[in-house]
Amino acid sequence: LTKNEDGTPKYFVSIIEDIASRKQIEEKLNFQLGHDALTLLSSRDITIKTVDTELARAQRYQRPLSVLMIDIDHFKRVNDGYGHQYGDEVLKEIGKVLMASVRACDLAGRYGGEEFLIVLPELSQKDGALLAERILKNVSARKIRLGGKTISVTVSIGVASLSGKHETTDLLIASADEAMYAAKKAGRNKVKLAVG
């Protein structure tokens with residue numbers, strides 16, 4: 001601000017900065033920090049933190065909580081037969097199916113490799129198993145284009161729910177993982193419930 005001799009403003013100098021592009025960059029970075037770059041599902045860290053949060057809430061208010069561990073059956077065959085680029089396409093398609101299959105309050109995350117973890121607040125093991133069966137059908141019905149071919153894949157799903165045995169995030173996830181491996185041993189493309 002520059003003033004005249006009598007103290008009145010002579011003129012103003014102002015700087016206007018357009019921060020819209022900076023805001024967009026910040027939003028993009030925040031999204032990238034919390035999401036898997038390939039599938040756009042929640043990252044492993046965010047998924048585990050969500051299990052922590054929902055487990056504490058469920059225990060405090062004595063509410064149900066379930067988690068699903070999902071693994072793509074024979075995924076190595078896709079990578080070996082078509083290449084990793086097409087394996088990535090399969091992962092993206094499964095991510096889309098999972099997002100379309102869960103409720104708004106659920107969280108679907110990529111746990112690692114071809115494994116996914118879904119957090120289901122307020123769902124008992126029975127209701128979690130019903131959702132898992134729906135996911136099983138939705139995945140196997142999905143036609144995935146790989147180059148000039150169309151393929152279908154299946155998944156194996158383990159369902160674990162909050163119980164006295166599952167007092168920690170690690171135990172709950174480990175039980176879902178164990179049930180998922182039981183589904184694989186039972187012939188794949190199946191849902192198995194954790195014991196306990």
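The values are calculated or read from the model by the stated rules, or taken from the named source; none is laboratory data. Because the structure is predicted, anything quoted here is derived from the model rather than measured. Counting neighbours? That spans all protein chains shown, and the Cβs are built from the backbone with ideal geometry, glycine included. Only protein heavy atoms, including side chains, enter the accessible area calculation; ligands, DNA and RNA are left aside. Shrake-Rupley method; radii C 1.70, N 1.55, O 1.52, S 1.80 Å.
So is Val78 open to solvent by less than 40 Å² (accessible area, probe 1.4 Å), part of a helix (DSSP H, G or I) and either hydrophobic (A, V, I, L, M, F, W, C) or closer than 16 Å to Ala179 by Cβ (or both) or not? Against the criterion (open to solvent by less than 40 Å² (accessible area, probe 1.4 Å), part of a helix (DSSP H, G or I) and either hydrophobic (A, V, I, L, M, F, W, C) or closer than 16 Å to Ala179 by Cβ (or both)), Val78 qualifies.
Which numbered condition trips up Ala183, out of (1) assigned to a helix (DSSP H, G or I); (2) within 18 Å of the chain's Cα centre (by Cα)? Among (1) assigned to a helix (DSSP H, G or I); (2) within 18 Å of the chain's Cα centre (by Cα), Ala183 violates only (2).
Here Arg77 clears all of (1) within 20 Å of the chain's Cα centre (by Cα); (2) at pLDDT below 95 except the condition numbered (1). Within the range 47-62, the only residue that satisfies the criterion of being touching a helix residue (DSSP H, G or I) at 6+ places or on another chain (Cβ under 7 Å) and open to solvent by 60 Å² or more (accessible area, probe 1.4 Å) is Asp52.
Listed by first and then second residue, the pairs with beta-carbon distance under 6 Å, at least 6 apart or on different chains, first residue in the range 70-96 and over 19 Å from His35 (Cα atoms), second surrounded by fewer than 19 Cβ atoms within 10 Å (Cβ to Cβ) and aliphatic (A, V, I, L, M), are Tyr82/Leu146; Tyr86/Leu146.
Just one of the listed residues (Leu117, Leu171) is of a type in the set (A, V, I, L, M) and open to solvent by 20 Å² or more (accessible area, probe 1.4 Å), namely Leu171.
Applying the set (1) of a type in the set (S, T, N, Q); (2) modelled with pLDDT of 95 or more; (3) in contact with a strand residue (DSSP E or B) (Cβ under 9 Å, 6 or more places away or on another chain) to Thr150 leaves exactly one unmet item: (2).
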